[in-house]
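Read through the structure below, which is laid out as structure tokens, and then see the notes.
The values are calculated or read from the model by the stated rules, or taken from the named source; none is laboratory data. No experiment lies behind these values; they were computed from the predicted model shown. Every residue, glycine as well, gets a Cβ built from its backbone with ideal geometry; the counts of neighbours run over all protein chains shown. Side chains are part of the model used for accessible areas, which takes the heavy atoms of the whole protein and leaves out ligands, DNA and RNA. Shrake-Rupley method; radii C 1.70, N 1.55, O 1.52, S 1.80 Å.
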Amino acid sequence: MRGPIDSGHFDAVSALVRSVMPNHTVYAEPWFREGEVFFRKQPSRRELLNDPDERIVNFYMTVRTRWNELLFLIESTLHSETLSNLADDIFFGRKQMQELYRAWAVWLRYDRERVNRNSWVFDTSAWLAGGREESVIGNRMDRSLAARLENVLLVNRKPMDFIASADSAETFFWLHPTDRKEAVSLMSWLPDIRGTFCFWYPDRRIAEKVAETCSLIRVNDDTGTTIYTNFEIQKTLFDK
């Protein structure tokens, strides 16, 4: 699992991506993790979410299909060293358990590591299936999280294989690799992507190298946050 990233910085990245996202029919993420863009945007016609870590995919599948059972486990979990150690054993495969308990173990690690879950845990908005917007308040899981995943395809593939299968002229990709090797490997893929994409990596030096190699367009906001795109940003009447 990806380590914690400063939540303020990551929220700024998410806001910038959503502000420049072009029209698209298909929304795709090769590295889904906490869904910092997905859970804050309006649904697209088709939404394809991938994560190379099967444990993450299992967590969201369990949220979608066994919501009440998972919520009961989470809300009845006491803060104890015994349960924390049990979650570690399940998470790392030292103790084999069914999907429900493996999802519970992921939640406990998210909670302990303070992974940025602002997109679906704290005061924010979740788009439900009917286009209705509902407030999600409080440091707890909310049913709207499960509802938002209802019509989404969740898969566990290698990121580059997923990109190849999801790519089309109507696809928008949000690309945020989770390690240096994955970020560098994108340099041989990005020039051939037919759809549009936003790219970001926390190490600015690597991000700049990828952007320069692939002739990407730099986009900044007032906070100094930088992402890169393969499309020109559409100016509006109010842009300077």
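Things worth noting here:
- Of the trypsin sites (Lys or Arg not before Pro) in the stretch 16-86, those whose Cβ has at most 12 other Cβ within 10 Å and which sit in DSSP loop: Arg45
- In the context of the full set of protein chains, residues of the stretch 43-110 present 52 Å² of accessible surface per residue (probe radius 1.4 Å, heavy atoms only).
- DSSP-loop trypsin sites (Lys or Arg not before Pro) across the stretch 171-218, with at most 12 other Cβ within 10 angstrom: Arg194
- When the GluC sites (Glu not before Pro) in the stretch 142-240 are filtered for DSSP coil states and for at most 12 other beta-carbon atoms within 10 Å of their beta-carbon, the remaining sites are Glu150, Glu232.
- Most to least accessible of Asp161, Asp192, Asp167 (protein chains only, probe 1.4 Å): Asp192, Asp161, Asp167
- Accessible area of Ile193 (1.4 Å probe, protein heavy atoms only, ligands and nucleic acids ignored): about 20 Å².
- Note that the stretch 145-153 has calculated 3J(HN,Hα) couplings of 4, 5, 5, 5, 8, 4, 9, 9, 8 Hz, one per residue in order, obtained from phi through the Karplus relation 6.51 cos²θ - 1.76 cosθ + 1.60 (θ = phi - 60°); glycine and proline are x.
- Sorting Ser14, Ser168 by accessible area puts them as Ser168, Ser14; the probe is 1.4 Å, largest comes first, and only protein heavy atoms count.
- Using the Karplus relation 6.51 cos²θ - 1.76 cosθ + 1.60 with θ = phi - 60°, the per-residue 3J(HN,Hα) values for the stretch 166-181 come to 8, 5, 6, 5, 9, 8, 10, 9, 9, 10, 9, x, 9, 8, 4, 4 Hz, with x marking Gly and Pro.
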